[in-house]
Every structure is written in structure tokens, then in C-alpha cells.
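Q: Dumping the structure here so I can ask a few things about it.
Values quoted throughout were computed directly from the atomic coordinates according to the rules given, and no laboratory measurement underlies them. The structure displayed is predicted, hence computed values, not measured ones. For neighbour counting, all protein chains shown are included, and Cβ atoms are generated from backbone atoms with ideal geometry for every residue, glycine included.
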Amino acid sequence: MKRTNILAALLVALSLISTGCGTSDYVQSVQLTATGASSGGFFNLAGVDGTLQLVANAVYHSGKTVPITSSVTFSITPTGTDDNGNALPPYGPTTVPINSSGLMTGIVPICTWTDAMETTGSGSSATTAPANPPVWEYTGYYQVTATYRGLTSQPVGIGVGVAASNNSPVGGCGPS
């Protein structure tokens, strides 16, 4: 009888210790990145039919990362204007669609970049013109997030350079 009680107590203690020791791994956050034309961390969807690959990863509590791009839901919000000051067209299949593998494609002619103005000379001989080479600045962008199992990634801003900029002396639109 004593041996049975001791054995039972040991099994209970072992059970309590083993259930408290480890915790199950779980998704802690969703990380969204883009690969393609960028300048200093600002992404550009460059050229007609240009593409930008979005990649979503689940970041687990243990530090492990797992690709989940095809399992996320993308949310896209137009922010700002094009280089003419017009509101950006809404996200959709005929503007800048994102397919199930995270590939974003530029379809509609939009330029969400402007070449910064620079002043040369001084006093009455000062002139202001677009920088050459261009110093690109956002006028607007599409803010993209990815949601997986109720967790939403940090936003990624993507400028669109599918049309030529109105003020660049070298043509183009945005970093390439």
C-alpha cells in the first residue's frame, strides 16, 4: 500500500512538473516584406506590368519563422495622391492587384512619386528646378497589411511608378 501511494505521488508530481515546464509554440506576429525596386526601404511598383513580390511570414514565440503568404488576407488602403494631386484609385483587379502568391502588379498608369525641387544660386539669380539626378519623394502610396489567424502585420508602403512623373528631368517615376 505504501509503495502504491509513493508511486502515485511521484506520478502526480511528474505530471505537474512536465505540464508546467514547456509551453506550446504559437504565432506571435506576422511579418510582411516586399522584394523588388526599393530605395531606402521605400518600395516602388515600377513600370507597366511591373511586379513586386510580397512575402508574409508567421513569427513564432520560439523565434521560428514560417512562410504563410498564400494563407494571408491582404488589406490595401490608398494613401495620399498621385503626382498631379489626384486621389489614388481604389485598390482592385484593374489597378494594382495582388494575387494569392503575393505578387503585386502595376496595371493602371499612376505615378505616386515626385522629384524633389532644389534651388541653385542665391539672391536674384536663384533658380528652382527638379533635382537631377532625381531625389524621389512619395506623393502617395498603397498601404498593405497581411492578416493571418487574427494577427495583422505591420504596414508596408508601396509607391507606384507606372506612368512618367510630371516633373522629372530624366523621365521615369520613382526609384527603379
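Q: Starting from 0.36 nm per residue, how many nanometres of slack lie between THR152 and SER124 once their C-alpha separation is accounted for?
A: This chain segment gains 4.8 nm when fully extended.
Q: Let me ask you something else. PRE reach from THR35 (point 7 Å along Cα→Cβ): which of the stretch 67-99 fall under 19 Å by backbone N?
A: Within reach of a label on THR35, which here means backbone N under 19 Å from a point 7 Å along Cα→Cβ, the stretch 67-99 contributes 67-72, 98-99.
Q: Next question. Can you say what percent of the DSSP beta bridges in the stretch 28-176, counting only those with both residues inside, are antiparallel? Round to 5.
A: 90
Q: A further question follows. Can you run phi through the Karplus equation (6.51, -1.76, 1.60; θ = phi - 60°) for the stretch 69-78 and list ³J(HN,Hα) in whole Hz, with x for Gly and Pro?
A: Karplus values, whole Hz, x for Gly and Pro: 3, 6, 10, 9, 10, 8, 10, 10, 10, x.
Q: Roughly speaking, what is the centre-to-centre gap between the stretch 39-108 and the stretch 117-138 when only Cα atoms are used, to the nearest Å?
A: The stretch 39-108 and the stretch 117-138 have Cα centres separated by 32 Å.
Q: Another question, then. Whose amide H sits under 5 Å from the amide H of VAL135, counting only residues 5 or more places off or on another chain, with H placed in the peptide plane?
A: When sequence neighbours closer than 5 places are left aside, the close amide H contacts are ALA116.
Q: How large is ³J(HN,Hα), in whole Hz, for each residue of the stretch 99-112 in order, when computed from phi with the Karplus curve 6.51 cos²θ - 1.76 cosθ + 1.60 and θ = phi - 60°, using x for Gly and Pro?
A: After applying 6.51 cos²θ - 1.76 cosθ + 1.60, I find 8, 5, 8, x, 8, 9, 10, x, 10, 7, x, 10, 10, 9 Hz.
Q: Once R0 is set to 25 Å, what does the formula 1/(1 + (r/R0)^6) return for the Cβ-Cβ distance between SER71 and VAL108, expressed as a FRET efficiency to the nearest 0.05?
A: 0.35
Q: Given the stretch 27-105, report the % of alpha carbon pairs whose separation exceeds 20 Å.
A: The answer is 41 percent, as a whole percent.
Q: On to the next question. May I ask you to evaluate 6.51 cos²θ - 1.76 cosθ + 1.60, the Karplus curve with θ = phi - 60°, for each residue of the stretch 56-63 and list the ³J(HN,Hα) values in order in whole Hz, giving x for glycine and proline?
A: 10, 10, 7, 9, 8, 4, 6, x
Q: Out of residues 5 or more away from LEU103 or on other chains, whose amide H comes under 5 Å of its own, with H placed 1.01 Å from N in the peptide plane?
A: Correct list: LEU54.
Q: How would the stretch 47-176 be classified by its alpha-carbon gyration tensor: rounded, prolate or oblate, with rounded meaning a/c under 1.5 and the a/b versus b/c comparison settling the rest?
A: Prolate is the answer for the stretch 47-176, as a/c is 1.5 or above and a/b outweighs b/c.
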